[in-house]
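Take a look at the structure set out below.
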Amino acid sequence: MQVNQCTIGTGLDCSTCRYCYETCPTHIPLDKIMPLYRYVMGKQTSHRNVFETISKLLLGVDPVPWLKDVETDDNSDVAYFPGCLHMVDALFDREKKYAGASQAGVKVLNAMGIKPKLIYGCCGHDLYVSGDLDEFEDNKARLKPELEGKRIVVGCPECYHMLKEYYDADVVYFTDFLLEKGVEIPKMDGVKVTYHDPCRLGRYQEVYDSPREVISKAAELVEMDRIKEEAQCCGVNSWINCNESSMEARQGRVEEAIGTGADYLVSGCTKCIVHFDCFNYDQDSKLEVPKLLDIQELVGWAMGVYDPENVDAVDVGDVKGKLPEIKEYERDITKFLDDELLETIFSCTTCERCTVQCYTDHHTKKKMEALRRELVKLDLGPAKHKGIAGNIEKSGNVFNEEDTKVKPDEAADVIYFPGCVAKFRMHKVYDATTTLLDAAGVKYAIPEGLVCCASVLMRSGHDASKAIEANTAIMRGKKVVVSCAGCYNTLKNDYEGIEVYHITEFMLDQVDKLKFKTDEVTVTYHDPCHLGRACGLFEEPRKLIAAVPGVKLQEYETNRENAECCGGGGGVKAAFPEKANELGAVRAKQAEDMGVDVLLTTCPFCKLNIGDKTELPMMDVIEFLIEHLE
């Protein structure tokens, strides 16, 4: 089967590139979480799953030597791990032969006087990332003995990452090894290249400088706009994201390379080269991609031991071996879990900052919630969350307290849904909301029988169906107003058939009926994740703040879709209060450093988790309006 076009897959999935890692409030390592998710929930892969199938079939096949015209020595202390590039060439019918990267790497070692031992096999990277964890463990058990006692040079960032982190091997990346040995690399005149940082080499292993130093010895290096930590991923990992979305994102990276005027686009990862090469075979693309080289090819070319234009020299031909049946495994996620990893999974605040950072807008939150549901089924969720779910089951609210705040009115067209925190803890938010509705002349009801919106149940992996059913039966057909950002997000995005408004949104049509006192005060506004990123309500609260004469709004440095999370969402405040408190303290300190008079928000959770970390007055926007009513 030959594969050229890359828009075969349709599912958008996380490429585990770590581009979002630093912006995540709790630094969730998605490279460890997503394989677990895929192990339990499955995944969508491209190219009719051919690459995944090949990886599994290779488990039952003894590795076949495929490099040719290189000098090797099985007794050498230095080994070279070529990886699986021969399989990529076997599956893609393309002018470029990707296996040339490994051939160039060994030829460079030969030119240095080193005849390495060649260790053939697969590092298992694609098996692991795809969630084939049982298969990966089998692969690891077979390969690991081959790696012992050798200094292993690799030119593939995926192999480098896996051998270093999962095999505990003595492994060194190709460019680091060259600099360590002080190899002389002649500079080629008139060759201009730009360099793409691979995720597994850069953000994962922080190898940024040695590739650039080696490239600069061989050619003229011109940088793209986004480099090192800010470099965009090529868009595909383990053949999961070969689709139009990743192709569109990748096009931006290719256009960056074209903009440098470089003759060659060089990467330290041949997988990246494969995906950039897709543009040469995309019938709709009009881009003339710079010639593509792996960094090993560039060095081999400069040293005169490798010709990137000689395709025949790197054609590995047919690689034969028996094809066994794919082994079946009984999936058991508990084999791959420990206490630290479990805590990590439940430490996601579901703030969706990663989605904003992601170049394909991948919604990681949904996968985190789905994985949590599977773990809760196995009774592996935090005890605090289980207790909250029990409270809601018994009393209808997270605090397991009697609900006395009801205001029945069958004739009212509007229902005020206070939510648990405003109703039972943040009484000022509740009082301010009802006062403002009364002042605006809104006829509203707070019916009996309303229960928790179930946001905390869904975010923590617990069943929310009973709560949703009970609330829907009461609220359907009415306008529903909420003062809690979490309730708003849940009713809007997780319920069906509910016409819901956040109080700041609802009051914009009512604010002209009200008159406010002038106050020369400087405030800042903290965007709640559930209201802002999840629902797109950024300007409504700011417009209400501006309705008070004399008020000056000074923005946080990170605001709107880039606002930092308060740390109180996703069940983190209940299960891991120390983590939530750390994040709340950061946001409080930022406001203090701004020198404002008042800190405002529109979420009781945010007010709760930030407000007790600062002496600065913190208020809900609705409280602020009530304080300034004439």
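Among the residues of the range 492-511, not a single one is surrounded by fewer than 20 Cβ atoms within 10 Å (Cβ to Cβ), more than 25 Å from ASP597 (Cβ to Cβ), modelled with pLDDT of 95 or more and assigned by TED's automatic domain parsing to the domain that holds MET619. In summary, helices (runs of 4 or more DSSP H) completely within the range 97-160 and bearing 2 or more residues that are at pLDDT 95 or above and surrounded by fewer than 23 Cβ atoms within 10 Å (Cβ to Cβ) occur at 100-111, 133-147.
Filtering the range 165-181 to residues that are closer than 18 Å to GLN296 by Cβ and either over 30 Å from the mean Cα position of the chain (by Cα) or not in a strand (DSSP E or B) (or both) leaves PHE174, THR175, ASP176, PHE177, LEU178, LEU179, GLU180, LYS181. If you check PRO528, PRO541 for being outside any loop (DSSP other than H, G, I, E, B) and surrounded by 24 or more Cβ atoms within 10 Å (Cβ to Cβ), only one passes: PRO541. Put simply, of THR364, THR350, THR344, THR334 the only residue that is at positive phi, under 25 Å from the mean Cα position of the chain (by Cα) and of a type in the set (Val, Ile, Thr) is THR350.
The set of residues in the range 421-430 being in contact with a helix residue (DSSP H, G or I) (Cβ under 8 Å, 6 or more places away or on another chain) and without any contact (Cβ under 8 Å) to a residue 40 or more places away in the chain consists of LYS423 alone. Exactly one residue among VAL442, VAL482, VAL414 is within 25 Å of GLY567 (Cα to Cα), β-branched (Val, Ile, Thr) and either in contact (Cβ under 8 Å) with a residue 60 or more places away in the chain or surrounded by 22 or more Cβ atoms within 10 Å (Cβ to Cβ) (or both), and that residue is VAL482. Against the test of being free of Cβ contacts under 8 Å to residues at least 24 places away in the same chain and touching a strand residue (DSSP E or B) at 6+ places or on another chain (Cβ under 6 Å), the options ASP189, ASP209, ASP170 yield a single qualifying residue, ASP170. Quick check on my filter: what residues within the range 398-447 are in a loop (DSSP other than H, G, I, E, B) and under 24 Å from MET458 (Cα atoms)? Correct list: VAL398, PHE399, ASN400, GLU401, GLU402, ASP403, PRO418, GLY419, ARG425, MET426, PRO447.
Does LYS164 satisfy being within 26 Å of THR23 (Cα to Cα), of a type in the set (D, E, K, R), in contact with a strand residue (DSSP E or B) (Cβ under 6 Å, 6 or more places away or on another chain) and in contact (Cβ under 8 Å) with a residue 24 or more places away in the chain? Judged against the criteria, LYS164 is a match. Given the condition in a loop (DSSP other than H, G, I, E, B), buried (at least 23 other Cβ atoms within 10 Å of the Cβ) and not assigned by TED's automatic domain parsing to the domain that holds LEU371, answer yes or no: does some residue in the range 65-83 qualify? Within the range 65-83, one or more residues are in a loop (DSSP other than H, G, I, E, B), buried (at least 23 other Cβ atoms within 10 Å of the Cβ) and not assigned by TED's automatic domain parsing to the domain that holds LEU371.
The values are calculated or read from the model by the stated rules, or taken from the named source; none is laboratory data. Given the structure is predicted, the values throughout are model-derived calculations rather than measurements. As a convention, Cβ positions derive from the backbone with ideal geometry for all residues, glycine included, and neighbour counts pool all protein chains shown.
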